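Okay, structure first, notes after.
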Amino acid sequence: MVWTWLLDLLYPPKCPFCGRILDDPWTALCGQCQETVPWLEGNDAIRKIEFTEGCYSPMAYRDNVPDSVHRFKFYGCPSFGRRYGILVAQCIQDHYEKPLDFVTWVPISKKRLRIRGYDQGRKLAEGVAIQLELPLQGTLKKIRHTQAQSTLSEDAQRRGNVLGAYQILDGVEVAGKHILLVDDVVTSGSTLEECARVLIGHGAAQVCCATLAQSRKNRQNFSLGTENCFEKNS
Ligand SMILES: [Zn+2]
C-alpha cells in the first residue's frame with residue numbers, strides 16, 4: 001500500500017484516454033472523458049457469443065478508445081489495465097447477476113510475451129478481479145502463433161485462424177466453475193468463443209466474457225448505440 005502511494009506520488013495516475021493527471025487516483029478516467037467516451041448502454045453493451053453467457057463491454061471501439069487501447073497494448077502502458085478494470089467490472093455489475101468463481105483472460109503467446117514484456121489481457125483481468133474482489137486465475141495458454149484477427153475481414157477466416165490455438169494450462173481445474181473471461185476488445189468474438197469452447201470442453205459450468213470495448217464487424221452497419229450520450233453532452 002505504501003509502495004502504491006509512493007508510486008502514485010512519483011508517477012501520478014493519468015487518464016488512459018487523454019493523458020490528463022487524475023485528481024482522484026481511484027477513478028478510471030477524467031471528468032472530461034467520462035462525458036465523451038462512447039459508452040454502450042442497455043443491450044448494446046452485450047454481444048452474443050457461442051459457448052458463453054455473452055460478452056459485456058462498457059464502451060464502443062471508436063473515437064478516443066482505439067488510441068488508448070493501442071497505448072495499452074503496444075506502447076508500454078500496462079497500468080491502464082487497472083483503470084480499464086474499473087470500467088469493465090462496473091459493466092459486469094450493471095448487467096450480469098449470476099455468481100462468478102474467478103477471473104481469467106485470453107493469453108498472448110510466449111513469443112509475444114517476451115517481446116512485449118507483459119500480457120495485456122492479464123493486466124486487464126487483474127484490474128477486473130481486484131474491483132470485483134474475485135480471485136485471478138490463469139487457465140489457458142496460446143500454443144501457436146496466429147495472424148492478427150484485425151487483419152482478417154471474414155468471420156470464417158477469423159474462426160479458422162484461432163481454431164485450436166488455445167489449450168488448458170497443465171494442472172488447472174475448471175470443472176463446475178463459473179468463469180469470467182476477459183480480453184481487451186471483442187470484434188467477431190471468434191477468439192473468446194474459441195477460449196470458451198476449451199473451458200467448457202474441460203467442464204466449466206459457465207463462461208461469461210467481458211472486454212473493455214466492442215468493435216463492430218462491419219463499419220458500414222455501425223449504428224451508434226450511444227448517440228444519445230453525445231446529444232446529451234453537446
Ligand atoms: Zn481523459
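When the dipole is taken about the Cα centre of the chain, and only Lys, Arg (+1) and Asp, Glu (-1) are charged at their Cβ, what size is it in debye, to the nearest 20?
Roughly 1080 debye for the chain.
Of 87, 60, 75, which is farthest towards the positive pole of the range 55-132's charge dipole, taken about the Cα centre with +1 and -1 on the beta-carbons of Lys, Arg and Asp, Glu respectively? About the Cα centre, the residue reaching furthest to the positive side is 75. Shown for the chain is the translational diffusion coefficient from the Stokes-Einstein equation, using the Kirkwood radius over Cα pairs, a temperature of 25 °C and a viscosity of 0.890 mPa s: 135 µm²/s.
List the trypsin sites (Lys or Arg not before Pro) in the range 103-159 that DSSP assigns to loop (not H, G, I, E or B) and whose Cβ has at most 12 other Cβ atoms within 10 Å. Which are they? Hits after loop and neighbour filter: 144.
When the chain is treated as a Gaussian network with alpha carbon springs shorter than 10 Å, the biggest mean-square fluctuation among 105, 39, 26 belongs to 26.
Put simply, the amide H of residue 169, placed in the peptide plane, has neighbours under 5 Å in 140, 141, leaving out anything fewer than 5 places away on its chain. Result for the chain in a Gaussian network model with C-alpha springs under 10 Å: among 213, 205, 125, the largest mean-square fluctuation is at 205. Relative to the 2.2 N^0.38 Å rule of thumb, the range 38-104 has a C-alpha radius of gyration ratio of 1.20.
Grab the DSSP H runs of the chain that are 4 residues or longer, score each as -39,500 (n - 2.57), total them, divide by all residues and round the 222 nm result to the nearest 500 deg cm²/dmol.
After summing the helix terms and dividing by residue count, I get -11000 deg cm²/dmol.
Measuring gaps between exposed loop sites in the chain (GluC sites (Glu not before Pro); DSSP loop; at most 13 other Cβ atoms within 10 Å), the longest gap, sites not included, is 174-234.
Taking every alpha-carbon pair under 8 Å whose residues sit at least 6 apart, the chain reaches a relative contact order of 23 percent.
No value in this document is a laboratory result; all are computed from the given coordinates. All values derive from a computational prediction rather than experimental measurement. In this analysis, Cβ positions are derived from the backbone assuming ideal geometry, glycine residues included, and neighbour counts consider all displayed protein chains.
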